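These notes concern the structure reproduced below.
Laboratory data are not the source of any read-out in this text; all were calculated from the coordinates shown. Being a predicted model, the structure only gives us computed values, none of them experimental. No Cβ is skipped: glycine too gets one built from the backbone with ideal geometry, and neighbour counts run over all protein chains shown.
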Amino acid sequence: MISAEDLSKVYGQRTALDHVSFEVPEGEIFGFVGPNGAGKTTTLRILAALLEPTSGHASIDGTDVAQNPARVHTRIGYMPDFFGVYDQLTVAEYLDFYAACYRQPKQRRTKIVGELLELIGLTDRRGQLVDTLSRGLKQRLCLARALVHDPVVLLLDEPASGLDPRARVEMREILKELRGMGKTIIISSHILPELTELCTMIGIIDHGRMRATGSVQDVIRGLSAGRRLRINVVGAREPAIAILEPLESVRHVEIANGTIEADYEGDDSTAADILQALTAGGIKVAAFSQVDGGLEEAFMRATSEDV
Amino acid sequence: MNGVVSAFWNPIVAKEYRSRMRTWRSPLAMMIYILLVAGLGFAIFSSTVSSNQFGGQPANYGQILFEWLVVFQMILLTFITPALTAGAISSERERQTIDLLFVTRIRPFSIIWGKLLSSMSFVVLLLLLSVPIFSLVFLFGGIEVDQVLYEFLITVVAALTLGVIGIAFSTWLRRTLAATVASYVGAFLLLFGTLGYGLIFPTTVDAKVTKAPAPPAITFLSPMLPLLYMANNGQLPFPYGIRDNSGFLNQGGGTVCGISPGGGKFCTSTSNGAPIAITSSGGGFTSLQTGSTGTAIPSGLFEGWQPWQATILMQLVICLVALLVSAFLLPPVRRLPWRRRRVVELEDA
């Protein structure tokens, strides 16, 4: 349904996107994750035909984005990472305006506006001026705006950014409802755990490059392959480091807050082997534990490597 | 909805009407506008009556009042119109709502057209509000209905041109402040810069030819010239745009002469401070036809045209060019029309 093939975007000397490729089949929810400035918005703007890539191709529902943007616009609902609202328009008028922009007939518009207000829970605020809504409600209204023409694909750029926890939960519930309607969705976020519950696929982007892409389970497994040990020893730490560093499974050793921290690759058995090597070398180990960094820390590690 | 109707009435027009008329600014602007026009009208009438206590004719009052009103209205619109349109597109960019329009089925030209139509509707509303004040000139006489209609036509087209210039700068410069400054510079160049050209580079009177000279063609770009020609029954109230090396116009004794579009010579005496027009026809030049709405331009690029026709034609050309440039500059991904057509053909195949 959505295909990005070797997308690159260069602004002068700066490369915003560097040969990014991914595919999102119909009905999937693709979580597009990366730190701020990683290239998420650039990718989504290219998919929405709002930006021309320096090289590469993108297509939506079989239509090349660069060659037929008008047709692509009928297939997508785009929600940018800001909420553009107009002064002096009520909630219902705001949605009616965009429905008219998508050339929906007048009678149909009234029905669409009613249904969308019900979906986002703003029926009782239909007469309220848009610029007096809270941030969370504006975000929901902008999501509804992206749905006025019943698109098959939704491109949502940070739909939950800046929302309080309650508003985040409400937004997530609306997205789950859209997933149930069979929409193909790309959601960008800089917070990985926020998406793992909702998405069926994940792509991790950093410095304009796609670091990992695939099903949620595969990507998480890949990220969690590297693990960390925290070791306290009695006496000097240098002999312990001298034993750890030559070990094949140990990737990196450092001293943090007076404690030895060692990154290694492997499972619990590998950790036991490392402990055994230390004790066999005559090191008195006072504490030996695995750092529970979780998904967030794994994601941070994945996106902080130098490119 | 067919193409013509949707071109004139797209959702942007309705939205702009709602947004504009719901604020207190619009009624306030209308009130100030009417007060200014009415205030000036009253001031001109009072001063004319008081300076012509002995021998003043009501017809003169009407003509003088009308002349001042049309010029003042044009100057007011020169200040108002760029303010209405210079932020039309750039404010959408600054508010970050422009992308939301680009992903809809509205074409860039419709966005521009919708913004222009809604702004110009407000200008037309202001002009309609001033009609009762203008109708006062008929109490005194000296002005025909067709003169008033032509004056309004010239004013509307000039305001449209100023509006389109504002939209073009708003599309090109992206920031409202920069677009507003550029629009005002453009507006004043159009109105007064072109008149300044006529003062600096006037047409030279050549005694050997039998054709009366006219101010340089570019000076007719300013709506001020046809407005003044129209209000003064085909001639300017002062000499303008002509340099006389042959001595034909030099009367001496504090009297300066000029040439009306019909080829007639007229002189103004500046000795008593207030210029008084003394008109004489012919003057050795071939007079051209005289119409009810003014007199034709005797020579130059627009020879035989009425001044208002030359002005409106040039301004409409500017409008067309500015609209096309705006429509090209607006889309986020620019593509030349022939390239766009080729893509569509490929898809159809």
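Taking the Cα centre of each part, how many Å lie between segment B:55-107 and segment A:54-91?
For segment B:55-107 versus segment A:54-91, the Cα centre distance is 34 Å.
Over its Cα atoms, what ratio of radius of gyration to 2.2 N^0.38 Å does segment A:1-104 give?
On the way: Rg = 15.4 Å, N = 104, 2.2 N^0.38 = 12.8 Å.
Cα-based Rg divided by the globular estimate yields 1.20.
Using alpha-carbon positions, what is the distance between the centroids of segment A:258-279 and segment A:164-198, in Å?
Answer, in whole Å: 38.
What residue among A:Ala58, A:Ala160, A:Ala287 shows peak mean-square fluctuation when chain A is described by a Gaussian network model with Cα springs under 10 Å?
A:Ala287
Name the residue, out of A:Leu141, A:Leu247, A:Leu175, whose mean-square fluctuation peaks in a Gaussian network model built on chain A with Cα pairs under 10 Å.
Of A:Leu141, A:Leu247, A:Leu175, the Gaussian network model singles out A:Leu247 as fluctuating most.
Within 10 Å of each Cβ in B:88-97, how many Cβ atoms from other chains are there, averaged over the peptide? Walk me through the numbers before you get to the answer.
Details: counts 0, 0, 0, 0, 2, 1, 0, 5, 6, 6.
Neighbouring Cβ atoms belonging to other protein chains average 2 per residue here.
Once you average over the residues of A:43-54, how many Cβ atoms of partner chains fall within 10 Å of each Cβ?
Details: counts 0, 0, 2, 1, 0, 4, 5, 7, 3, 4, 0, 0.
Rounded to a whole number, the mean comes out at 2.
Hey, could you get me the Stokes-Einstein D for segment A:140-184, Kirkwood radius over alpha-carbon pairs, 37 °C and 0.692 mPa s, rounded to whole µm² s⁻¹? Before the final figure, lay out each step's value.
Numbers: Rh = 11.0 Å.
Result for D is 297 µm²/s.
Under the classification rounded if a/c is under 1.5, otherwise prolate if a/b is larger than b/c and oblate if not, where does chain A fall, given a ≥ b ≥ c as square roots of the Cα gyration tensor eigenvalues? Numbers along the way, then the final one.
Values: a/c = 3.06, a/b = 2.17, b/c = 1.41.
Verdict is prolate for chain A.
Taking each residue of A:93-104 in turn, how many C-beta atoms of other protein chains fall within 10 Å of its C-beta, and what is the average?
Neighbouring Cβ atoms belonging to other protein chains average 5 per residue here.
Expressed as a whole number of Å, what is the distance separating the alpha-carbon centroids of segment B:217-236 and segment A:124-154?
53
What value, in deg cm²/dmol to 500, does the helix sum -39500 (n - 2.57) over DSSP H runs of n ≥ 4 give at 222 nm once divided by the residues of chain A?
Working: 11 runs with 112 residues, N = 307.
Only helices count here, giving -11000 deg cm²/dmol.
Using a 10 angstrom cutoff on alpha carbons, build the Gaussian network for chain A and name the most mobile of A:Ser215, A:Ser189, A:Ser134.
A:Ser134
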